[in-house]
Amino acid sequence: MYKIIGADRKEYGPVTSDQINTWILEGRANGQTLVQAAGSAEWRALSSFPEFAAVLAAKSPAPPLVGSADPAVIANAALARGVEVNIGECLSRGWRLLLNNLALFLGASLLLLLIRLGLGLVPVIGGLAYLVIFGALYGGFYLIFLKRVRGEPSGIGDLFAGFSRDFVQFMLAGIVSSVLVFVGGLLCILPGIYLAVAWKFGLALIADRRLEFWTAMESSRRVITRYWFQIFGLLVVAYLPLVLFMGYSLFHMVSVMVPILINSGGQFNFNFGQIMKMISGFVTLSLAQQLVALFTVPFATASLMHAYEDLFDTRPTPAA
């Protein structure tokens, strides 16, 4: 006997394996549907149960190709569900997901951090290389979390999934969004902030649904626009430790430099000792900031992927 959770987040059952097989064939359940076997407290994706593998294989379509669907259709389908994004619930579920997958999430976050720092040590070329692979890396990073949200198996190797499929779409999404957000920030800060939040699900949509980059970005923008303040609030709260530390770092650096400038009559005539002191302080703060990010980013991503799943989940609801 089994219990099953539908797309409406309601629990059904207990039901037999025959009933679940019927739901699969009717399209009311699929490999992402969460199931709990009798005598177990763990909810797992239906695809992880070998007894349903044959029926799922017979029902499942071939892997989708990169889609060029109308963003309006995708967005309207998500918005028609009328889901409410609850910041507290997303944070709570994100925290539980992080605790249950601590080694995997921290390992992926650490590897992502090391790649970014390593490329940052290479002048000019490193920055350009990171801009090119940024989308693929974060697409794989989101995929790790999204799989675990759905109870599917995942591993560190998924971090590089974007390099073996749809790399061009990830690359274009990463470059275009970064450049347009930067330009929007230069022209006026508010457009840059709006776009940075509105395109937050773009890479996740490419990883999850294999959409073309602009379709994914525009679908994300259309959906998030309705929930913009909730998603913005979720990001602010989830990243709050990192934001506060960055604010402290800026305040600390200003408090060190201003007295030196005043004592030198406003001239940038620093002696060797002062220069070394500033460099030492900057390096220490930078390393501490990376450590804070190492723990903050997995929590924020776990919370964000719960919001994504709430808004874009397409799992059908099984019959009661």
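Observations
- Mean Cβ count within 10 Å, highest first, over the residues of peptides 214-220, 225-231, 157-163: 214-220, 157-163, 225-231
- Length-normalised contact order of the chain in % [C-alpha pairs under 8 Å, at least 6 apart]: 27
- Among Gly185, Gly151, Gly82, the largest mean-square fluctuation in a Gaussian network model of the chain, built with springs joining Cα atoms closer than 10 Å, belongs to Gly82.
- Share of pairwise Cα separations in the chain, more than 33 Å, in percent: 33
- Within the straight-line cut-off of under 14 Å between alpha carbons, the aspartates and glutamates reachable from Lys200 are Asp208, Glu218, Glu309, sequence neighbours fewer than 8 places apart in one chain being disregarded.
- Dipole of the chain, positive end: most advanced residue of Val223, Val256, Leu128 [Cβ charges, Cα centre]: Val256
- Beta bridges assigned by DSSP with both partners in the chain are antiparallel in approximately 90 percent of cases.
- Three-way shape call for region 57-193 based on the alpha-carbon gyration tensor, with the a/c threshold at 1.5: rounded
- Region 162-235 - percent of accessible surface contributed by carbon and sulfur, probe 1.4 Å: 72
The values are calculated or read from the model by the stated rules, or taken from the named source; none is laboratory data. Not measured: the values here are computed from a predicted model. Here Cβ is always computed from backbone atoms with ideal geometry, including for glycine, and neighbour counts include all displayed protein chains. Surface accessibility is based on the protein's heavy atoms, side chains included, excluding ligands, DNA and RNA. Shrake-Rupley method; radii C 1.70, N 1.55, O 1.52, S 1.80 Å.
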